[in-house]
Amino acid sequence: MSLLYCLTHPVQYQVPLVRHLIDGGVDIEVVYRTLGAVEGYFDHGFNQEIVWDVPLLAGYPYTSLPSNLGFRSTLQYFNQAFQDRKPQATWIHGWGSAYARAAWLAARHLRIPVLMRGDSQLAAFKGSSLKRILHRWVFSRLFRTVSHFLAVGSANKAFYLHYGVPEDRITTMPYAVDNQFFRQRAMDSSARRQDFRDALNLPPNRPVVLYVGKLHPDKSPETLIRAVSQLVSAQTSSSPPILLMVGDGEMRHTLETQAAGLPPDTVRFLGFRNQTELPAFYDLCDIFVLPSVFEPWGLVVNEVMNASKPVIVSDRVGAADDLVKNGVNGFVFPAGSVDALAGLLSKLIADPALREASGRQSAAIIRNWGFEQDLTALQSALQHLSIFKEG
């Protein structure tokens with residue numbers, strides 16, 4: 001069978017998935033709006049120029065639109081592309097961009113089945129009751145034109161059900177990362193852990209709490225700094241934690257000012273680190289925290305779980321429902337609650353055996369939330385549409 005996958009640009013998470021699906025026998029061609037991200041781009045979230053250090057265009061067929069096309073021209077492009085390639089379905093990631101809506105509209109016009117995958121969840125929708133009613137009215141009608149939905153997790157599936165999508169038109173296709181990549185690199189890093197710790201000049205015998213992500217209000221990094229500050233002020237341990245903040249963004253100066261009043265070596269700001277650098281940090285840490293107040297998923301949680309680490313996330317992190325089991329591999333706390341987060345951090349810091357057991361559970365959970373499950377899910381969705389032919 002043939003499938004056109006419409007993405008705005010090459011994404012470090014999506015590309016290895018596409019390669020795995022092709023290896024599994026799915027015939028996919030990716031159509032990008034632009035290839036600009038490959039050569040580098042200014043990421044407003046990280047507030048700097050980014051060039052990813054993993055290959056983004058190797059190992060799969062792709063094409064891209066001519067530059068600077070408006071909506072009407074993009075629609076015409078897809079009409080022609082669908083007629084020329086005659087795909088048996090199109091797969092669209094998200095619906096927020098004009099590019100995605102043009103692909104969706106062209107597929108509808110030519111009666112090509114549409115698979116839709118996104119990461120929206122109900123918790124992200126704020127506003128008045130009238131606004132929520134309007135959302136329901138619009139989405140319930142738009143979603144009727146989608147042939148099948150690929151839910152990335154439980155919260156995303158609940159979102160589609162809320163807007164009237166029948167359950168038999170939804171297949172859970174886990175939001176996953178390249179588990180093998182992160183697991184192997186974390187294992188390789190473990191042999192050099194002490195050298196890495198020494199290179200960072202970290203004091204011995206102090207547990208490491210890790211944050212990885214953009215320093216942006218949606219991520220609520222100030223909540224984590226306040227929670228660590230509370231632990232340090234309480235002086236409940238002779239080995240207080242060190243907080244490593246890996247990432248950059250608009251809040252960095254504010255956060256550095258916030259952390260300046262704490263004892264030396266309490267908080268380290270290490271800046272943006274690329275994909276191949278992150279597994280060493282995942283291996284180094286004792287606890288990982290993602291305190292976001294808005295986080296449709298949070299793939300960084302998947303990544304660090306491959307390093308067998310306990311995770312603490314807020315209840316606004318989309319991954320929480322599927323990947324974080326309270327008291328098993330970590331904890332979920334109410335977003336914005338400094339006291340709750342500080343309490344959970346204290347519990348894990350005080351109990352190395354609990355950290356180790358939780359880390360083992362993280363590794364076990366993420367083992368069943370990967371690209372293999374994605375391949376099976378996509379095949380199931382295509383079989384639902386009666387267009388997938390094995391072999």
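Is region 317-367 best put as rounded, prolate or oblate by its Cα gyration tensor, with a ≥ b ≥ c the root eigenvalues, rounded for a/c under 1.5, and otherwise prolate when a/b is larger than b/c, oblate when not?
oblate
When shorter helices are ignored and each DSSP H run of at least 4 residues is given -39500 (n - 2.57), the per-residue value for the chain at 222 nm works out to -12500 deg cm²/dmol. Listed peptides 243-250, 203-210 appear in the order 243-250, 203-210 once ranked by packing, highest mean of other Cβ atoms within 10 Å at the front.
Solvent exposure of the chain, expressed per residue, is 44 Å² of accessible area, with all protein chains present and a 1.4 angstrom probe. A simple packing score, the average count of other Cβ atoms within 10 Å per residue, orders the peptides 217-223, 106-112 as 217-223, 106-112, with the highest score first.
Here the chain is treated with +1 on each Lys and Arg Cβ and -1 on each Asp and Glu Cβ, and its dipole about the Cα centre works out to around 1200 debye. From the cross-link list 214/325; 219/309; 309/347, which pairs have alpha carbons spaced over 22 Å apart? 214/325, as the Cα separations exceed 22 Å there.
In summary, the aspartates and glutamates within cross-link reach of residue 86, defined as a Cα separation below 13 angstrom excluding same-chain residues under 8 places away, comprise 27, 29. Taking every C-alpha pair closer than 8 Å and separated by at least 6 residues, the mean separation divided by the residue count of the chain gives a relative contact order of 16 percent. When the solvent-accessible area of the chain is split by element, carbon and sulfur atoms take up 49 percent of it, the probe being 1.4 Å.
Ligands, DNA and RNA excluded, the heavy atoms of residue 69 present near 60 Å² of accessible surface to a 1.4 Å solvent probe.
For the chain, the normalised intensity computed at q = 0.09 Å⁻¹ comes to -0.57 (log10 of I(q)/I(0), Debye sum over alpha carbons, equal scatterers, no solvent).
The values are calculated or read from the model by the stated rules, or taken from the named source; none is laboratory data. Everything quoted here is computed from the prediction, not taken from an experiment. A quick note on method: Cβ atoms are made from the backbone with ideal geometry, for glycine too, and the neighbour counts reach across all protein chains shown. The area values use the complete protein model at the heavy-atom level, side chains included, leaving out ligands, DNA and RNA. Shrake-Rupley method; radii C 1.70, N 1.55, O 1.52, S 1.80 Å.
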